[in-house]
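Beneath this line is the structure, given in structure tokens, with notes to follow.
The values are calculated or read from the model by the stated rules, or taken from the named source; none is laboratory data. Note that this is a predicted model, so its numbers are computed, not measured. So basically every Cβ, Gly included, is an ideal-geometry build from the backbone, and we count neighbours across all protein chains shown. All accessible areas refer to the heavy atoms of the entire protein, side chains included, with ligands and DNA or RNA removed. Shrake-Rupley method; radii C 1.70, N 1.55, O 1.52, S 1.80 Å.
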Amino acid sequence: MTTFVLIPGARCGPWHWRLVAGELRGRGHDVVTVDLPCGDDSAGLAEYAQAVIAAVGDRTGVVLVAHSFAGFSAPLVCAHLPVELLVLVTAMVPAPGETPEGWFASTRCEEIRAEAAAREGRPPDGEAGLYFHDLSPGRAAEAAAHWREQSLTPASQPWPLSAWPPVPTRHLLCRADRLFPAEMLRRVSAERLGFAPDEMDGGHFPMLSRPKDLADRLERYGRSSSLP
């Protein structure tokens, strides 16, 4: 049994992980879905990390799974918990001293996003097109209804680590991600983590569009982290 700690991205909560959580629990794993203080203007990156630490408690053998914006807070947890593996899912990879809001310019994310839309002959995406374009209409509407208020406080805070934590890390991107285009994340992963990311089909929310496929990936990662 592996303990999977599922950390949501900005504006998200445990609901967005529920399908993958159900898959993993059905396979006999322990699953923690973290509820972040995203609507609290007094909460920054350190408080997000503390929310993860509190949710995990005294569990061991932890696989941290960070979606999107959680790429900024999940690494901070590694100094405080027995983390066997950190898995980034369509996630931001910060550089020392970089703020989340500054990440978009330094990675050229928005520029590359616009280039991809032009290349594919589609207009620049609105919110639904960026996040939920590969979901059924019903599930997209449900996902949008579960958006939460997101404070801007953590977006302005510099990432406090001087280097990536010394914890085994996997980076999983989705080839059809319109928010963080695959070509951009491939480069960012190589430059900042020193390795090529793994890839799967789907958009920015594979936990909603392909929950079984994502659970399969996470389970394989969990097995590999326990090998001698």
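Size check on the stretch 125-199: the Cα extents along the three principal axes, sorted descending, read 41, 31, 21 Å. A helix-only calculation puts the chain at -10500 deg cm²/dmol for mean residue ellipticity at 222 nm, using -39500 (n - 2.57) for each DSSP H run of at least four residues, averaged over all residues.
Mind jotting down a quarter of the surface of the convex hull over the alpha carbons of the stretch 11-122, in square nanometres, one decimal? Can you show the working numbers first?
On the way: hull surface 35.6 nm².
So the Cα hull casts an average projection of 8.9 nm².
Simple spin-label estimate for residue 161 and residue 53 gives 1.4 nm between the two label positions (7 Å along the Cα-to-Cβ direction from each Cα).
For the chain, with all protein chains present and a 1.4 Å probe, just round the carbon and sulfur fraction of the accessible area to a whole percent. After summing per-atom areas, the C and S share lands at 52 percent. As a ratio to 2.2 N^0.38 Å, the alpha-carbon radius of gyration computed for the stretch 18-76 takes the value 1.19. The mean sequence separation of alpha-carbon pairs under 8 Å and at least six residues apart, normalised by the residue count of the stretch 64-138, gives a relative contact order of 25 percent. Note on the chain: GNM, Cα springs under 10 Å; of 69, 195, 205, the largest mean-square fluctuation is that of 195.
For the chain, the Kirkwood radius over C-alpha pairs fed into Stokes-Einstein at 10 °C and 1.306 mPa s yields D = 90 µm² per second.
When the alpha carbon gyration tensor of the stretch 59-141 is reduced to an equivalent ellipsoid, its three semi-axes come out at 30, 19, 9 angstrom, largest first.
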